[in-house]
Amino acid sequence: MKILRINMSNLTVKAESDEKFRKLGGRALTSTIINDEVPATGHPLGAKNKLIFATGLLTGSGASSADRYSVGAKSPLTGGIKESNAGGISGLTLRKIGIKALVFEDIRDDFQIIHISKDGVKFADAQPIVGKDLSEAASYLRDKYGKNVAVWLIGVAGEQKMNLAAIAGQDRDGEPTRYNGRGGLGAVAGSKGVKAIVLDASEVEKIRPNNKETFKETLKKYHGWLMETPATSKVLPELGSSSLVETTNALGALPTRNFSIGTIENYKNITGETLRKTILERGGEGTTTHACMPGCMIRCSNVFADKDGKRVTGPIEYENIGLLGSNLDITNLDTIAELNRLCNEYGVDTIETGGALGVLMAQDVIRFGDENGAIEALKELKKGTPLGRIIGSGAELIGKIYGEPHVPTTKGQTMPAYDPRAVKGLGVTYSTSPMGADHTAGQTVRAQIDHHSKVGQVEVSKNAQTVNTIWDNLGLCMFSSGAVQNRWDILAELVSAYTGEEITGEDIVNLANETIKVEHEFNKKAGFTKADEKLPDYFYEEENKASGTVFDVSHEEMSTIGIEREDL
């Protein structure tokens, strides 16, 4: 395995051994390189920032849900360290080529297509796909380089270096809809002139575990757990992440009208059950159960079709429903699907986009519930108009531009679709995670705890942050965590048999905690203090009427797991 460094200023390539990083993968690898090599006080869009794509320790192994990868950089949205991970086939294809990580360095003014295969790296002018919707750009790349390539792309938002710009990977059907969404990493790619990465694994040898028999035996146990656990064998394959709409609405945690309350009147129109029923009734190109990665047994994704059965977009996930739906006072699945389609075509984070539109609605720039107004406003982003640039700046800056005090962000990043007054463990995660407001940094909604009480939330969040980092490091989907149930020794056996590196369950946990520590170290060097480890004031002061609660976990208690820890 090798680390490939690509200097985008002079288009040179340097291959290095991964000896130094043999036991690191995914988020652990991206965050370690960033902390070691990127000046924490440098500009995120400057020459000294680095953009890193890293495969997980189990990526390419054949284990279900294990082909995820991480992208990392200093974030233009938060100003701190950032990692965003996704599924699909792009990370898998990178691993097939024998590359553990891509490190993009320096900047350039034009846009390039970077073609990577067993024969090396080639560059091509990206002008034919600049300004194009991502579905059109991906089709162009497949026509030019072959139907079996995998791609990473940025859209018009990344070209314009917008704070909510994302990086799109490809699913197994060739659609560029698997997103590294959070943190504005698409803008970092844009600053480096990285328009597209084409990965060609033709004529490469099949990946084989280092210890085939042990791996096969251990894999059987892991796959057995997935099939025996109701969440991974039935709920997620049938409803996907949208199954959470019923849960969060009942908790008073479903963000509604710019996080002003946690429930919406017509929520039944946007539940996972309604989404499934709609897709099945329309038939055609829609599907309720879809695997974004080859061999995934959970198959939690979906494809949404219009009334004629023609594909509109995919997937419609819980976060899309919460931020592009209820948060905007919209309960029409077709409108949510269209907003999601535009986000996918322009290459933007659906969560940050929903937060931005929500703040604009709070200021009556668009009316709450104005479906056409939301769609037309989002189209301004592609045009690069003043309103489009404002939306592209993200919710935090929009609040400052318009003088809106109710802005649901921490560390500059919009909260995912859980009101922290009603799921307080996630409020702790939003506050203390080095990633800012990010549910994948420490998801607590499924924890067996009274989510409305402040008691025990810090410990729940702390454990969740460790567990989620484990999954990010291994390249596993977090949806498999309920089936594994902290049986780290089995995961260690999988990693050891696959890679040939002897790793224990204790090593896996320690690596996750060390990763979080490294990330806090970077943020502290970047100027983050305890003032950044809290929610916006109104979550402490204004009651969420749906849950009857405010956020009341003390800052002193939260500081034991954030940037103020003495061991930093």
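If you go through region 230-238 one residue at a time, do you hit one that is among the small types (G, A, S), at pLDDT below 95, closer than 30 Å to K96 by Cα and in contact with a strand residue (DSSP E or B) (Cβ under 7 Å, 6 or more places away or on another chain)? Steps first, answer last, please.
Filtering region 230-238 down to residues among the small types (G, A, S) leaves 231, 233.
Filter once more, so that each one left must be at pLDDT below 95: 231, 233.
Of the ones still in play, those that are also closer than 30 Å to K96 by Cα are 233.
Right, trim to in contact with a strand residue (DSSP E or B) (Cβ under 7 Å, 6 or more places away or on another chain) and you get none.
No, that holds for no residue.
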Check: Tell me, which residue of region 389-419 that is acidic (D, E) and not in a helix (DSSP H, G or I) is nearest to N163 (Cα to Cα)?
Finding: E404
Check: Consider D329 against the criteria (1) over 30 Å from V235 (Cβ atoms); (2) surrounded by fewer than 24 Cβ atoms within 10 Å (Cβ to Cβ); (3) of a type outside the set (A, V, I, L, M): it satisfies all of them except one. Which criterion is unmet?
Finding: (1)
Notebook entry, point to check: Can you pull out the helices (runs of 4 or more DSSP H) entirely within region 421-491 that have at least 3 residues that are hydroxyl-bearing (S, T, Y)?
Noted result: 424-432, 457-474
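Let's see how each residue does on (1) among the aromatic types (F, W, Y); (2) within 17 Å of the chain's Cα centre (by Cα):
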| position | (1), (2) |
| --- | --- |
| L280 | no, no |
| F304 | yes, no |
| G322 | no, yes |
| I336 | no, no |
| D364 | no, no |
Margin query: Is it the case, given these coordinates, that I449 is without any contact (Cβ under 8 Å) to a residue 40 or more places away in the chain, surrounded by fewer than 24 Cβ atoms within 10 Å (Cβ to Cβ), out of contact with any Gly (no Cβ under 6 Å at 6 or more places or on another chain) and not small (G, A, S)?
Written below: no
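Does W152 satisfy the condition of being in contact (Cβ under 8 Å) with a residue 12 or more places away in the chain and surrounded by fewer than 24 Cβ atoms within 10 Å (Cβ to Cβ)?
It is false that W152 is in contact (Cβ under 8 Å) with a residue 12 or more places away in the chain and surrounded by fewer than 24 Cβ atoms within 10 Å (Cβ to Cβ).
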Next item on the list: Considering only region 19-131, give the strands (runs of 3 or more DSSP E) lying wholly within it that have at least 3 residues that are under 28 Å from E502 (Cα atoms).
Entry: 51-55, 69-74, 81-86, 99-105
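For region 107-119, which positions are out of contact with any Lys or Arg (no Cβ under 7 Å at 6 or more places or on another chain), surrounded by fewer than 20 Cβ atoms within 10 Å (Cβ to Cβ) and either touching a residue at least 40 places away in the same chain (Cβ under 8 Å) or within 18 Å of V71 (Cα to Cα) (or both)? Even if it seems obvious, please write down each step before you answer.
So in region 107-119, the residues out of contact with any Lys or Arg (no Cβ under 7 Å at 6 or more places or on another chain) come out as 109-110, 114, 116-119.
Now restrict to residues that are surrounded by fewer than 20 Cβ atoms within 10 Å (Cβ to Cβ): 109-110, 117-119.
Selection gives D109, D110, S117, K118.
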Next item on the list: From L185, L164, grab the single residue that is touching a Pro at 6+ places or on another chain (Cβ under 9 Å), touching a residue at least 60 places away in the same chain (Cβ under 8 Å) and either surrounded by 24 or more Cβ atoms within 10 Å (Cβ to Cβ) or more than 12 Å from P44 (Cβ to Cβ) (or both).
Entry: L185
Checklist line | Number of the condition not met by S241 [criteria: (1) small (G, A, S); (2) buried (at least 17 other Cβ atoms within 10 Å of the Cβ); (3) at positive phi] | finding: (3)
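So that you can scan it fast, the table gives a plain yes or no per residue for (1) among the charged types (D, E, K, R); (2) in contact with a Phe, Trp or Tyr (Cβ under 6 Å, 6 or more places away or on another chain); (3) within 30 Å of S547 (Cα to Cα):
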residue: P237; (1), (2), (3): no, no, yes
residue: E285; (1), (2), (3): yes, no, no
residue: M293; (1), (2), (3): no, no, no
residue: N302; (1), (2), (3): no, no, no
residue: D308; (1), (2), (3): yes, no, no
residue: R311; (1), (2), (3): yes, no, no
residue: I316; (1), (2), (3): no, yes, yes
residue: S326; (1), (2), (3): no, no, yes
Check: Restricted to region 521-536, and to residues that are more than 21 Å from K400 (Cα to Cα) and part of a helix (DSSP H, G or I), which residue is modelled with the lowest pLDDT?
Finding: K530
Checklist line | Residue satisfying condition, being out of contact with any strand residue (DSSP E or B) (no Cβ under 7 Å at 6 or more places or on another chain) and modelled with pLDDT under 95, within set G283, G272, G295, G309 | finding: G295
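Within the bounds of region 355-374, is there any residue that is in contact with a strand residue (DSSP E or B) (Cβ under 6 Å, 6 or more places away or on another chain), in contact (Cβ under 8 Å) with a residue 24 or more places away in the chain and hydrophobic (A, V, I, L, M, F, W, C)?
Kept after step one, since they are in contact with a strand residue (DSSP E or B) (Cβ under 6 Å, 6 or more places away or on another chain), are these residues of region 355-374: 355.
Going one step further and asking which of them are in contact (Cβ under 8 Å) with a residue 24 or more places away in the chain, we end up with 355.
Narrowing the set further to residues that are hydrophobic (A, V, I, L, M, F, W, C) leaves none.
No, region 355-374 has no match at all.
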Next item on the list: Scan region 77-90 residue by residue and report those that are buried (at least 24 other Cβ atoms within 10 Å of the Cβ) and closer than 18 Å to I33 by Cα.
Entry: G80, I81, K82, E83, S84, N85
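The values are calculated or read from the model by the stated rules, or taken from the named source; none is laboratory data. Values in this document were obtained by computation on a predicted structure and should not be read as measured data. For neighbour counting, all protein chains shown are included, and Cβ atoms are generated from backbone atoms with ideal geometry for every residue, glycine included.
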